[in-house]
1. Give the residues of the stretch 74-111 that are at pLDDT below 95, hydrophobic (A, V, I, L, M, F, W, C) and out of contact with any helix residue (DSSP H, G or I) (no Cβ under 9 Å at 6 or more places or on another chain), sorted by residue number.
2. Mind listing whichever residues of the stretch 58-90 are of a type in the set (D, E, K, R) and under 18 Å from Val34 (Cβ atoms)?
3. Output the residues belonging to the stretch 1-29 that are among the aromatic types (Phe, Trp, Tyr) and out of contact with any Gly (no Cβ under 8 Å at 6 or more places or on another chain).
4. Of all the residues that make up the stretch 231-249, how many are touching a His at 6+ places or on another chain (Cβ under 9 Å) and of a type outside the set (Gly, Ala, Ser)?
5. Of the conditions (1) surrounded by 22 or more Cβ atoms within 10 Å (Cβ to Cβ); (2) modelled with pLDDT of 95 or more; (3) closer than 21 Å to Gly140 by Cα; (4) hydrophobic (A, V, I, L, M, F, W, C), Leu9 fails just one. Which one is it?
6. Return yes when Ala78 is open to solvent by less than 30 Å² (accessible area, probe 1.4 Å) and more than 23 Å from Trp205 (Cα to Cα) and no when it is not.
7. Every residue in the stretch 91-115 that is in a loop (DSSP other than H, G, I, E, B), closer than 29 Å to Val34 by Cα and open to solvent by less than 30 Å² (accessible area, probe 1.4 Å), please.
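The values are calculated or read from the model by the stated rules, or taken from the named source; none is laboratory data. The structure displayed is predicted, hence computed values, not measured ones. Quick reminder, even Gly has a Cβ in these numbers, built from the backbone with ideal geometry, and neighbours come from all protein chains shown. The accessibility values were calculated without ligands, DNA or RNA, using every heavy atom of the protein model including side chains. Shrake-Rupley method; radii C 1.70, N 1.55, O 1.52, S 1.80 Å.
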Amino acid sequence: MSQNQLRILTYNLHKGFNTSNREFTLHPIRDALVATNADIMLLQEIQGAHSEHGLTHQHWPKEPHFEFLASDVWPHYAYAKNAVYSVGHHGNAILSKYPLQSWENINVSPFTWASRSLLHGEIKLPWSDEVLHIICIHLGLIGMERRRQFVTLCERIDAHVPHDAPLIVAGDFNDWAGQAEKRLSQHLNLKEAFRTLHNRYARTWPSWMPVLKMDRIYYRGMEPIICERPPHSTWNRLSDHAPLLASFEL
């Protein structure tokens, strides 16, 4: 890979459990993530803490899951709580091989029982004077909720991301109604990487037989070279989502 290329991965980890919630899969998830050689990962439903699972699952890490995944490969990371409950919390994370200059979590939750947020990070790339803006998202299940969240996302980008700065917006959009394209393309001039290269969105859910087009990688200020759903056999029993992996040239 040339110096000015980036590999970006988005993945909903399902809190480190397989689709049925019976098997703890964080260790094979880490092996699969490392094998992708991604430079930057945008992760959703990553467990920040859980006081009970460590008592019942033998290989539950002592450190938070984002630190366990990042160890020795992605030295720079940010984690933001989305959902907080009596025994712990989970949320979004950005893991990066390059320094995170700053990050902020923006609450976009209309309901206390379905906590959602946008994790916005700024990454300094070693070969460029430009700052790369990364927004990791996990949008709501209800159409009204997502419409509000799209408005907040657009306002955030308009106010905090220069129009000529490279930008990635990726995550679990829960967008089976197709609202994202109109808002992100028309208002923000964002394109979706898989659709640009394959003329359709990637099917990523459920992982064992992907049907719904839930996970996306939107971009601005760079060009996609590759965007793919990694081999089904590696990922279909690790989470309820399949990952999406893209390479970009800046």
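1. Ala80, Ala83, Val84
2. Going residue by residue through the stretch 58-90, those that are of a type in the set (D, E, K, R) are 62-63, 67, 72, 81.
If the condition is that a residue be of a type in the set (D, E, K, R) and under 18 Å from Val34 (Cβ atoms), then Glu63, Glu67, Asp72 are the ones that fit.
3. The initial filter retains those residues of the stretch 1-29 that are among the aromatic types (Phe, Trp, Tyr), namely 11, 17, 24.
Selection gives Tyr11, Phe17.
4. Here is the first cut: in the stretch 231-249, the ones touching a His at 6+ places or on another chain (Cβ under 9 Å) are 235, 238-242.
Narrowing the set further to residues that are of a type outside the set (Gly, Ala, Ser) leaves 235, 238, 240-241.
Summing the residues that are touching a His at 6+ places or on another chain (Cβ under 9 Å) and of a type outside the set (Gly, Ala, Ser) in the stretch 231-249 gives 4.
5. Leu9 satisfies all of (1) surrounded by 22 or more Cβ atoms within 10 Å (Cβ to Cβ); (2) modelled with pLDDT of 95 or more; (3) closer than 21 Å to Gly140 by Cα; (4) hydrophobic (A, V, I, L, M, F, W, C) except (1).
6. On the way: open to solvent by less than 30 Å² (accessible area, probe 1.4 Å): yes; more than 23 Å from Trp205 (Cα to Cα): yes.
Taking the combined requirement at face value, the residue satisfies it.
7. Matches in the stretch 91-115: none.
Here is a yes/no grid of residues against (1) surrounded by fewer than 16 Cβ atoms within 10 Å (Cβ to Cβ); (2) at pLDDT 90 or above:
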{"residue": "Trp127", "(1), (2)": "yes, no"}
{"residue": "Ile135", "(1), (2)": "no, yes"}
{"residue": "Gly140", "(1), (2)": "no, no"}
{"residue": "Gly143", "(1), (2)": "yes, no"}
{"residue": "Leu153", "(1), (2)": "no, yes"}
